[in-house]
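The block underneath contains the structure these notes are about, expressed in structure tokens.
Values in this text are rule-based calculations from the coordinates and carry no lab data. Predicted model, so just to flag it, every value in this text is computed and none were measured. Virtual Cβ from ideal backbone geometry, glycine too; neighbours counted across all protein chains shown.
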Amino acid sequence: MSLRSVILLLTLMCGGMLASGQLYISLPIIDDIAKHYSISPNLAPLIGTSFGLSYALGFLIWGPVSDHYGRYLSLLIGVALTCLATIGTALAGNFSLEITFRILQGLSAASIPPIGLALLSETLPINMRSIGLALMSFSFIVAAPMSQLYAKVVGLNFSMLMLLGAGSFVICLLSLMFIGSNHFAKHIRQTYSLKNNFKTLISNPMIITTWVISITILFSFVVFQTLLHHSMKLYGWNGTTVTILTVVGMFASFIAGSGIQKFGGIFMACLGMFFSASALLIICYFKPLFGFAIIMLSSGTAITLPSIISIISIQANSFSRGMAISIYSFVIFLGASLAPIYVQLVKLSAHNLLLVPIVLLFLSILLLSIARLRAQHLSDVNEHMKGEGV
């Protein structure tokens, strides 16, 4: 792998962690934010919600944009806009203006995950693509615990955190400019049809299946994370220990790439979801293994995410890959966003609340396995027809 490819991977990993981390970085200092803007503590969480909703919506915009105008140019524009919006969040003088800039920040930062994943799947050497996708996925999921830990440790106010974030985005932008457009395949101008590209994607049963099951992955993970404060009180676990165990499990991303190369994305996705479902079962029925289950759940999530991205990248063509990954990113984030609402609104015990994601994960394994068998059957039929000269 060339030096420029390594720089690209590291830049996108840093950008992905920065972008996803913006959703969580305000959580540990939400009371300070309320005091700073002299608002009710009940309104302060809007600083995260406004970013999250616009971030999810932005996924659906930037993927098709990159399909039409090219990955490199679209990413440069997206990161540049993110820099400006982040500076705006740091300098906002009142809460209404802060929310406005957070919405703009979410919309622009949403350019990094889908375009970055599409870029890696198209530009890295073939033998490194699955590993690159796995490392990129690691940057997304590790952003949650690390950004909160960072906000606690540095002890800065929200404005200063945003200024440092803006500086980091500027470094990512300069790094991308250093790589230069010549490193990437020249974008082929074509008559772009959003409708036709979408029709192509929904005609592929494997892509539809991956979109459908994607909602369960972070939904299951976040449901457990939301319930953790109850479990920590029951079993004596503290927040730092849980964070360490969660991050340790996420390092499974580093072996997921090799597993995808050897066994394929479908097998690894099923394996990851099996790990996650098994971890939740352990939490329900084998309480002494609670710490091990935290690692196992994080590992399952870290394996499943890049595996599904690998499936989508292979199934979609270069004209619709950005859209395919964007929809996947939106669905993944939708699942994560619905999890806290599910925990809050559904009045069940923690044990029963976990049974729903367990069932959904096993059902997802079944659906993906059926899609694989169907795809294999169609492939065998086509080969048979070719052999007979039909």
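Normalised radius of gyration for the range 1-88, please: alpha carbon Rg relative to 2.2 N^0.38 Å, two decimal places. Each step should come with its number before you reach the end.
Details: Rg = 16.2 Å, N = 88, 2.2 N^0.38 = 12.1 Å.
It is 1.35.
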Review point. Listed highest first by mean packing, meaning other Cβ atoms within 10 Å per residue, what order do 12-21, 314-323, 57-66, 156-165 come in?
Key: 12-21, 57-66, 314-323, 156-165
Study note, to complete from the structure: Expected sort for 31, 67 with the fewest Cβ neighbours (10 Å cutoff) up front is 31, 67
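Evaluate the relative contact order of the range 194-390 (contact order divided by residue number), counting alpha-carbon pairs under 8 angstrom at least 6 apart; express in whole percent. Present the calculation step by step, with values, prior to reporting the outcome.
On the way: 234 pairs, mean separation 73.7, N = 197.
Relative contact order comes out at 37 percent.
Using a simple charge model, +1 on the beta-carbon of Lys and Arg, -1 on the beta-carbon of Asp and Glu, nothing else, what dipole does the chain show about its Cα centre, in debye to the nearest 20?
Numbers: 18 positive and 8 negative charges, 38 e Å.
About 180 debye.
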Practice item. Using just the alpha carbons, could you tell me how many Å³ per residue the convex hull of the range 194-390 encloses? Key: 130
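So what is the calculated 222 nm ellipticity per residue for the chain, using -39500 (n - 2.57) for each DSSP H run with n of 4 or more, over all residues, to the nearest 500 deg cm²/dmol? The partial results should precede the final answer.
On the way: 16 runs with 326 residues, N = 390.
So the helix-based figure for the chain works out to -29000 deg cm²/dmol.
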Practice item. Could you tell me what fraction of 2.2 N^0.38 Å the Cα radius of gyration of the range 273-319 comes to, as a two-decimal ratio? Key: 1.53
Exercise for review: Please report how far the C-alpha centroid of the range 1-78 lies from that of the range 310-372, rounded to the nearest whole angstrom.
Suggested key: 20
Review point. Along the three principal axes, how long is the range 11-145 when you take its alpha carbons, biggest first, rounded to the nearest angstrom?
Key: 53, 30, 20
Check your understanding: Relative contact order (percent) for the range 1-181, with alpha-carbon contacts under 8 angstrom and 6 or more residues of separation?
Key -> 39
Review point. For a label point 7 angstrom out from the Cα of residue 334 toward its Cβ, which stretches of the range 46-77 have the backbone nitrogen within less than 15 Å?
Key: 53-61
Point to revise | Cα pair distances of the range 7-46 binned at 10 Å [whole percent] | key: 29, 34, 21, 14, 2
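Could you tell me whether the chain comes out rounded, prolate or oblate from its Cα gyration tensor? Rule is a ≥ b ≥ c as square roots of the eigenvalues, rounded for a/c under 1.5, then prolate if a/b exceeds b/c, otherwise oblate.
It is oblate, given that a/c is not under 1.5 and a/b is not larger than b/c.
Which whole-number percentage describes the relative contact order of the chain, with Cα contacts under 8 Å and a sequence gap of 6 or more? Mind showing how you got there, number by number?
Numbers: 588 pairs, mean separation 92.2, N = 390.
Reported as a whole number, the value is 24 percent.
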Study note, to complete from the structure: Within the set 246, 11, 200, GNM on the chain using Cα springs under 10 Å gives the largest fluctuation to 200
